[in-house]
Amino acid sequence: MGDWRTYDDVAETYERVHAPRFAEVARDLIELADLPPAATVLDLGTGTGVAAQVAADAGHPATGIDESMGMLAVGHRVRPGLRLAAAHVIDLPFGPGSFDAAVGNFVLAHFDRTDTALFDVMRVVRTGGRVAFSTWADGVDAYQQTWHELIETVVPREMLAPAYKEAAPGHERFRKRGPVEEVLLKAGVRHVRTQLVKYRWTYGLDDYLDGLAVWATGRFVRGMLGESGWQAFMERARTTFAEQFPDPLNDFREVILAVGTRV
């Protein structure tokens, strides 16, 4: 396991478990953005190219950028027709007004410097172009609570909180519509519209736990325990979840969709 902060080592699991669900959110986000025909789209933090593919399928030439070479490698293999590139949102390698729209599917909370990142996003979107982001809006449910309790048996809570904040510094802030609208307005997005959408995703027990391992706490703990310790921990997690929950699991999530116009 390499640097826990990257998604390089979990890209295959992300594509298998999360990509099909996140594509559903991306479709709703792009539909809400109401893009003009053939609008060019920049997908920020594309991962394996999920939202970029959704945009392309809707007739919008799309480019996806991400920092994770592992994610991009999987994206190139699974979606070979997409234009994917390694780039940091704070220093986008595109000229002013290069795109008709920018979308970010669950990436807003990951920006270290949100205002700086959005400033560069606005730079590469043409005047009158569209900007769209999705963010998690729900709290901790029984599945996540059980996972957190298991995690805290092997890594102290005081170590987990800073790690999670480092990986997703805006997670708590952007769980509410007001702060999402505020940060977009501050960046120069106007006519901002937000919508709270509820999803139900069904997972097999093993897939659900594999999916949890993709997120910050899973990556951090895996790095702390090493591979043998991690495998032992995951076996215990599977036993605990099997005792407490039915298989398959119905995961109910709430997501904020936010769209607006760059002025």
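If the condition is being surrounded by 14 or more Cβ atoms within 10 Å (Cβ to Cβ) and part of a helix (DSSP H, G or I), then segment 77-88 contributes only Val78.
Listed by first and then second residue, the pairs linking a residue in segment 30-46 that is polar (S, T, N, Q) to a residue that is surrounded by fewer than 18 Cβ atoms within 10 Å (Cβ to Cβ) and not in a strand (DSSP E or B), with Cβ atoms under 6 Å apart and 6 or more places separating them unless they lie on different chains, are Thr40/Pro61. Screening Asp66 with (1) over 20 Å from Glu166 (Cβ atoms); (2) crowded, with 22+ Cβ neighbours inside 10 Å; (3) of a type in the set (Asp, Glu) gives one miss only, at (1). The single condition from (1) part of a helix (DSSP H, G or I); (2) modelled with pLDDT of 95 or more that Ala101 fails is (1).
The set of residues in segment 36-60 that are surrounded by 22 or more Cβ atoms within 10 Å (Cβ to Cβ) and of a type in the set (A, V, I, L, M, F, W, C) comprises Val41, Leu42, Leu44, Val50, Ala51, Ala52, Val54, Ala55. Given the conditions (1) modelled with pLDDT of 95 or more; (2) under 26 Å from Val192 (Cβ atoms); (3) surrounded by fewer than 19 Cβ atoms within 10 Å (Cβ to Cβ); (4) of a type outside the set (Phe, Trp, Tyr), and given that Asp91 satisfies all but one, which numbered condition is not satisfied? Only one criterion in (1) modelled with pLDDT of 95 or more; (2) under 26 Å from Val192 (Cβ atoms); (3) surrounded by fewer than 19 Cβ atoms within 10 Å (Cβ to Cβ); (4) of a type outside the set (Phe, Trp, Tyr) is unmet by Asp91, namely (1). For beta carbons closer than 8 Å, sequence separation of 6+ or different chains, a first residue in segment 54-68 that is within 24 Å of Ile90 (Cα to Cα) and at pLDDT 95 or above and a second that is surrounded by 21 or more Cβ atoms within 10 Å (Cβ to Cβ) and of a type in the set (Ser, Thr, Tyr), the qualifying pairs are Gly64/Thr46; Ile65/Thr46; Asp66/Thr46; Ser68/Tyr7.
The values are calculated or read from the model by the stated rules, or taken from the named source; none is laboratory data. Please read these numbers as outputs of a predicted model, since none were measured by experiment. Neighbour counts run over all protein chains shown; Cβ positions are idealised from the backbone, glycine included.
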